[in-house]
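The values are calculated or read from the model by the stated rules, or taken from the named source; none is laboratory data. Worth saying up front: this structure is predicted, and the values here are computed from it rather than measured. Here the Cβ positions follow ideal geometry from the backbone for every residue, glycine too, while neighbour counts run over all protein chains shown. Surface accessibility is based on the protein's heavy atoms, side chains included, excluding ligands, DNA and RNA. Shrake-Rupley method; radii C 1.70, N 1.55, O 1.52, S 1.80 Å.
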Amino acid sequence: MYDVATSVGPILCVVGARPNYMKIAPIIRALRSDPAAPRATLVHTGQHYDEAMNERLFADLELPPPDVNLGVGSGSHAQQTAEVMRRFEPVVDAAAPSCVVVVGDVNSTLACSLVAAKKGVRVAHVEAGLRSFDRSMPEEINRLLTDQLCEALYITERSAAENLEREGIPRERVHFVGNVMIDSLKASLPHAVAPAVVFAANAVGPKLIGEGGRFGLVTLHRPSNVDDQANLAESLAILTEVARELPLVWPLHPRTRANIERFGLDRTIDGKRIIRLPPQGYLETLGLMRDAALVITDSGGIQEETTALGVPCLTMRENTERPVTIEQGTNVLVGRNRGLVRAHVADVLAGRAKRGRMPELWDGRASERIVAHMVSWLVGRAESAYA
Ligand code: UD1
């Protein structure tokens, strides 16, 4: 039998940080279950290294352990990006891949794209074309540059195609496939951990969660909200005001936890109404998100997941690279504007929350579409299980 794995180099699938894992998991699964697809090798750059940021998510997503771990760790943006490049180069040399697949917009995404492109190795970007038009975000720089280097650009929403066209990317490179993160969400939702279980595991007594178990879920980690003392204090003041109406549950990113401590802001947080948790696993986060009355976040992915779940989302940012979550989903931008937050929380508590709908192609099959395209693109024959 024709052995594709020996005739075409492997596909190197790259992950670096937490939001990458739920995107790569369904792609690895689809590649490994398609006999026509080249072998898939999972490379972890080690940008995120904590147990809480890694092992639990890998297990929850049924991601196989990485074949290669570059163990890069933290550093300045330049250090981290350079270190990923330095350590990824010999991996590419040894593997002679047919393609490198990168996802999202973290430093590892750009670093690995740059190494591969300069070696003449094809790069595919999953979640291409999203733009916040805010170059003070490190992710925006990563997105812009990564997309210039890629030969296949898989997009989650139609706005991305317009952005890429404006930037001169040839149209035939762009493929509207849907959202792989929603593939993971759909596959895992039946296994989501109920909030009561999460609370019990973290010794949160039932009295802390309001009547009827109503609570809001918070995640904040963007430098713009948490790295500057005044902005972090203002974010905390907003949460304190919301928490008077609705108890809040807040799994803390290490960056945010460290800054609360560094700025001495601990004492400004009412621990009875704002319940801080360590970073949670994927199934725990899904359960908290699904059952929350509302979500307050500055994450990119959570804007999309709340839209898919139909849960109201208040995004504490001035812009979003995911406009479909505003136009069609449950997302609203509130920045750090107290009046806006107050009005939206009141609407949610009065049952007048914005109702959204599921965006086009967020149907749980994006990874199948990607693999079908990859097989015909890399192997040159339409023999994919998904074609
Ligand atoms: C990175 C991504 C961001 C993504 C976020 C999700 C970039 C530019 N940013 O930001 O897009 O939304 O991941 O979490 O790539 N730390 C730990 N343990 C870890 C990892 C980090 O304690 O496993 C701490 C370190 O003190 C580090 C800080 O968190 O300095 C920030 O980590 P870093 O990877 O630089 O960026 P994130 O803020 O996590």
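Accessible area per residue (1.4 Å probe, heavy atoms of protein chains only) ranks H77, H344 as H77, H344, with the largest value leading.
The Cα atoms of the stretch 194-349 give a gyration tensor whose axes a ≥ b ≥ c have a/c under 1.5, which makes the shape rounded.
Is the chain best put as rounded, prolate or oblate by its Cα gyration tensor, with a ≥ b ≥ c the root eigenvalues, rounded for a/c under 1.5, and otherwise prolate when a/b is larger than b/c, oblate when not? Judged from the Cα gyration tensor, the chain comes out prolate (a/c at least 1.5, a/b above b/c). Modelled spin labels at E172 and A237, positioned 7 Å past Cα toward Cβ, are 5.7 nm from each other. Indicate the gyration tensor shape class of the stretch 151-245 (rounded, prolate or oblate), computed on the Cα atoms with a ≥ b ≥ c the square roots of the eigenvalues: a/c under 1.5 is rounded; otherwise a/b larger than b/c is prolate and the rest oblate. Cα axes put the stretch 151-245 in the oblate bin. Taking a straight Cα-Cα cut-off under 17 Å and skipping sequence neighbours fewer than 8 places away in the same chain, the aspartates and glutamates within cross-link reach of K272 are E211, E241, E245. For the chain, relative contact order (Cα pairs under 8 Å, six or more residues apart, normalised by length) works out to 17 percent. Heavy-atom surface analysis with a 1.4 Å probe gives the stretch 9-137 a carbon and sulfur content of 52 percent of its accessible area.
Say we join alpha carbon atoms closer than 10 Å with springs in a Gaussian network model of the chain; which of A343, A243, A59 then has the biggest fluctuation? Of A343, A243, A59, the Gaussian network model singles out A343 as fluctuating most. Relative to the longest principal axis of the Cα atoms of the chain, the long axis of helix 229-245 makes an angle of roughly 60 degrees.
Could you please report the charge total around A194, scoring K, R as +1 and D, E as -1 over all other residues with beta-carbon less than 14 angstrom from its beta-carbon? Neighbourhood net charge equals -1.
A 1.4 Å probe run over the chain, with the rest of the protein chains in place, finds 41 Å² accessible per residue. Taking Cα atoms only, the orientation of helix 107-118 departs from the longest principal axis of the chain by about 10 degrees. From a point 7 Å beyond the Cα of R355 in the direction of its Cβ, which residues of the stretch 289-317 have a backbone N at a distance under 11 Å? Backbone N within reach: none found. Taking the C-alpha atoms only, the angle from helix 282-291 to the longest principal axis of the chain is near 50 degrees. Heavy-atom accessible area with a 1.4 Å probe sorts E241, E55, largest first, into E55, E241. With a threshold of 30 Å on the Cα-Cα distance, the over-threshold entries among K118/K186; K186/K354; K23/K118 are K118/K186. In the assembled protein chains, I28 presents an accessible area of approximately 10 Å² (probe radius 1.4 Å).
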